[in-house]
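What follows is one structure encoded as structure tokens, with my remarks underneath.
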Amino acid sequence: MCASMSEHTASKHPAVARVVEVFGDRQLHMTLFRGQSTLIVQPADAHELLRFLREDPACDCNMLVDVTAVDYLGYPVEQPGRFAVVWVLRSHTHDQLLLMKTFLDPTIETSGIEPDPGLEVDSACDIWPGAEWREREVYDMFGIRFKGHPDLRRILTWRDFPAHPLRKDYPLRGRGERENHAVADRDSV
């Protein structure tokens, strides 16, 4: 559950305090769990804040550690959206780790592979080129699209895979993928 940003919570992480100083007019939230700070932003602000966190000398988040996602379907605590995109950022200069998260809500039924305009956020590939494969993995597994991505296609499943397997409404046994595939043995190759 997200609490509103306050001076007390913002001061616990120097980069968050700097973001609040510069972007105080934006809707920002912060959570602190076991010493780990997470900055929660609106999807429309995510790209601008990621760029600021990298380029501002007081933040200097010079490394994108990971881009991942979470499906909160059935989560016991109410969240602002069903899906969250999470960027894990590291500042080597300040020896700080910061998570930035944005929530997305689907606008269509999620059991298929149709592109959903509600599950879209700007790509960070122009800020960190290393985001390319990580964003492709999030797209492949969760169906979250990254606007401006140079090559958004599946990376872990085949091109015509009929779903996004890390969505919680995807059946645990799959939808026939295991039963209907051709088995390759030494003699058939």
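The values are calculated or read from the model by the stated rules, or taken from the named source; none is laboratory data. Note that the structure is predicted; figures quoted are calculated from it, not measured. Every residue, glycine as well, gets a Cβ built from its backbone with ideal geometry; the counts of neighbours run over all protein chains shown.
Odds and ends about this structure:
- Pairing each residue of segment 118-141 that is within 23 Å of residue 159 (Cβ to Cβ) with any residue that is acidic (Asp, Glu), provided the two are 6+ apart or on different chains, yields C-beta distances under 8 Å for 123/135; 125/132; 125/135; 132/151; 134/66; 136/151.
- Candidate set: segment 51-64, residues that are out of contact with any helix residue (DSSP H, G or I) (no Cβ under 9 Å at 6 or more places or on another chain) and either among the charged types (D, E, K, R) or under 17 Å from residue 146 (Cβ atoms) (or both); chosen: the one surrounded by the most Cβ atoms within 10 Å (Cβ to Cβ): 54
- Of all residues in segment 17-35, those satisfying the criterion of being within 13 Å of residue 59 (Cα to Cα) and in contact (Cβ under 8 Å) with a residue 12 or more places away in the chain are 18, 19, 20, 22.
- Output for segment 104-120, where each listed residue is crowded, with 20+ Cβ neighbours inside 10 Å and touching a strand residue (DSSP E or B) at 6+ places or on another chain (Cβ under 8 Å): 104, 119
- Segment 5-45 - residue that is of a type in the set (D, E, K, R) and in contact with a strand residue (DSSP E or B) (Cβ under 9 Å, 6 or more places away or on another chain) and, of those, modelled with the highest pLDDT: 45
Residues are listed down the side, and each one gets a yes or a no for (1) within 11 Å of residue 123 (Cβ to Cβ); (2) within 16 Å of the chain's Cα centre (by Cα); (3) not in a loop (DSSP other than H, G, I, E, B):
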position: 136; (1), (2), (3): yes, yes, yes
position: 139; (1), (2), (3): yes, yes, yes
position: 149; (1), (2), (3): yes, yes, no
position: 152; (1), (2), (3): yes, yes, no
position: 157; (1), (2), (3): no, no, no
position: 160; (1), (2), (3): no, no, no
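- Note on segment 75-85: among residues that are closer than 16 Å to residue 142 by Cα and in contact (Cβ under 8 Å) with a residue 24 or more places away in the chain, the one that is surrounded by the fewest Cβ atoms within 10 Å (Cβ to Cβ) is 81.
- Of the listed requirements (1) farther than 26 Å from residue 30 by Cα; (2) of a type in the set (Gly, Ala, Ser); (3) in contact with a Phe, Trp or Tyr (Cβ under 8 Å, 6 or more places away or on another chain), residue 123 misses just one: (1).
- Contact map, segment 144-166: first residue small (Gly, Ala, Ser), second residue at pLDDT 95 or above and surrounded by fewer than 16 Cβ atoms within 10 Å (Cβ to Cβ), Cβ cut-off under 7 Å, separation 6 or more or different chains; pairs are 148/126.
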